[in-house]
1. Any chance the stretch 243-255 includes a residue that's without any contact (Cβ under 8 Å) to a residue 60 or more places away in the chain, at negative phi and not assigned by TED's automatic domain parsing to the domain that holds Ala201?
2. Identify all residues within the stretch 200-216 that are part of a helix (DSSP H, G or I) and more than 15 Å from Met82 (Cβ to Cβ); write none if there are none.
3. Residues in the stretch 70-77: is at least one within 16 Å of the ligand (Cβ to nearest atom), surrounded by fewer than 21 Cβ atoms within 10 Å (Cβ to Cβ), farther than 30 Å from Met235 by Cα and within 17 Å of the chain's Cα centre (by Cα)?
4. Name the pairs: first residue in the stretch 60-89 and in the same structural domain as Lys108 (by TED's automatic domain parsing) and part of a loop (DSSP other than H, G, I, E, B), second residue within 11 Å of the ligand (Cβ to nearest atom) and small (Gly, Ala, Ser), Cβ to Cβ under 8 Å, at least 6 apart or on different chains?
5. Checking the condition within 16 Å of the ligand (Cβ to nearest atom), in contact with a helix residue (DSSP H, G or I) (Cβ under 7 Å, 6 or more places away or on another chain), part of a strand (DSSP E or B) and not basic (Lys, Arg), which residue from Leu190, Leu178 passes?
6. Would you call Lys51 assigned to a helix (DSSP H, G or I), on the phi < 0 side of the Ramachandran plot, without any contact (Cβ under 8 Å) to a residue 40 or more places away in the chain and not hydroxyl-bearing (Ser, Thr, Tyr)?
7. Restricted to the stretch 162-175, and to residues that are within 16 Å of the ligand (Cβ to nearest atom) and without any contact (Cβ under 8 Å) to a residue 40 or more places away in the chain, which residue is surrounded by the most Cβ atoms within 10 Å (Cβ to Cβ)?
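The values are calculated or read from the model by the stated rules, or taken from the named source; none is laboratory data. Nothing here was measured: the structure is a model prediction, and the numbers come from that model. Here the Cβ positions follow ideal geometry from the backbone for every residue, glycine too, while neighbour counts run over all protein chains shown.
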Amino acid sequence: MSRVYNFSAGPSMLPESVLKKAAAEMLDYEGSGQSVMEMSHRSKVYDAIIKGAESLLREVMEIPNNYKVLFLQGGASSQFAMVPMNLMTKSGKADYVLSGQFSTKAYKEGCLFGDCKAVASSKEDNFSHIPALDKSQFRPDADYFHICLNNTIYGTAWKELPETGSVPLVADISSCILSRPIDVSKFGVLYAGAQKNVAPAGLTIVIVREDLLGEPLKGTPTMFNYKVMAENESMYNTPPCYSIYMCKLVLEWIKNEVGGLKNMEERNIKKAQVLYDYLDSSKLFQACAEKDSRSIMNVTFITGNADLDAKFVKESTAAGFVNLKGHRSVGGMRASIYNAMPTEGVEKLVAFMKEFEKNNG
Ligand SMILES: *Cc1c(COP(=O)(O)O)cnc(C)c1O
């Protein structure tokens, strides 16, 4: 068996020890005589899995007691609609910062439900940085203020949160959840598709402050109603059972093998630094994101020559570094180096890039 270094933006690498544990338990989960894939979600044995996943998430992320954790489906993209459906219920207004493609999609979706305002955007600079904010643009009566904390496609991340006063801050954390500690109490809602840093695709995690659980907009489907999902402990219907189980294994890995999110962050910063340091010293490659906005999860870079970029992607793939092609909308390269990417993978990639530079510089 040989495994590649997989730099996919999502679905992406999972820790090898987690995959091994899942494989070992595949046919018979803890003496139940069943695979987790085959279990009734209402069974006692599965109940311990979903409850265990939630309590571990609460512990690892230090989620305060006045927040509900929801295990949903539909991806982060469904939250682009569920957030306005559940929160845009008072003034019918919401503010959005456009820092990339996903936040723009969220804004456009929000516009279907009410009065959404783009209070800042870095589109003119091809989203190479987090936009500067002008607080006079914020609306104090907005029902929420939406940001995307880590911009997966452009490789940028917020370093400081906007001050929104009493307006609940809502954040898409799909590509940075569990990469570092986050002060949950600063947010009204956090949401994430699990396939970047938590589990296989199929699971969407929503963390919502209890006082925001009210009557949703008229016509909201039951499946899109946070309150119904919270009251039913994510079991209104069949939850994404296997992904939740994998999420639990990943959380056990973070807690027991990594030693928590503080350690995870330290590891991720060091790992990203290896790549950024090389990019800053290279004469062939250059980083795309501006220095003060750089993500430690997604690193975007180019040579400045599209043919050479294509050659690099081809040769790196052949050498066992896969999925380095940039997003189809921006081109160039992107190395997604989520939690499960070992530092060794980044070091070997840099060694490969140095060799490529020597041959093509
Ligand atoms: C991947 C991603 C999405 C889309 O997630 P889906 O689960 O495919 O809907 C949204 N936002 C961010 C920040 C992402 O990285």
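1. Step one: list which residues in the stretch 243-255 are without any contact (Cβ under 8 Å) to a residue 60 or more places away in the chain, which gives 243.
Checking which are at negative phi leaves us with 243.
With not assigned by TED's automatic domain parsing to the domain that holds Ala201 added as a condition, the list becomes none.
No, the stretch 243-255 has no match at all.
2. Glu210, Asp211
3. No, the stretch 70-77 contains no residue that is within 16 Å of the ligand (Cβ to nearest atom), surrounded by fewer than 21 Cβ atoms within 10 Å (Cβ to Cβ), farther than 30 Å from Met235 by Cα and within 17 Å of the chain's Cα centre (by Cα).
4. So the pair list comes out as Gln73/Gly202.
5. None of the others qualify; the one that does is Leu190.
6. Working: assigned to a helix (DSSP H, G or I): yes; on the phi < 0 side of the Ramachandran plot: yes; without any contact (Cβ under 8 Å) to a residue 40 or more places away in the chain: yes; not hydroxyl-bearing (Ser, Thr, Tyr): yes.
Answer is yes for this residue.
7. Our first condition is that a residue be within 16 Å of the ligand (Cβ to nearest atom); within the stretch 162-175, this holds for 169-175.
Right, trim to without any contact (Cβ under 8 Å) to a residue 40 or more places away in the chain and you get 169, 171, 173.
Working: Leu169: 19, Ala171: 25, Ile173: 23.
Ranking the qualifying residues of the stretch 162-175, first place goes to Ala171.
Conditions tested, residue by residue: (1) more than 18 Å from Gln195 (Cα to Cα); (2) part of a helix (DSSP H, G or I).
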site: Asn237; (1), (2): yes, no
site: Ile244; (1), (2): no, yes
site: Val250; (1), (2): no, yes
site: Ala272; (1), (2): yes, yes
site: Lys283; (1), (2): yes, no
site: Gly304; (1), (2): yes, no
site: Asp309; (1), (2): yes, yes
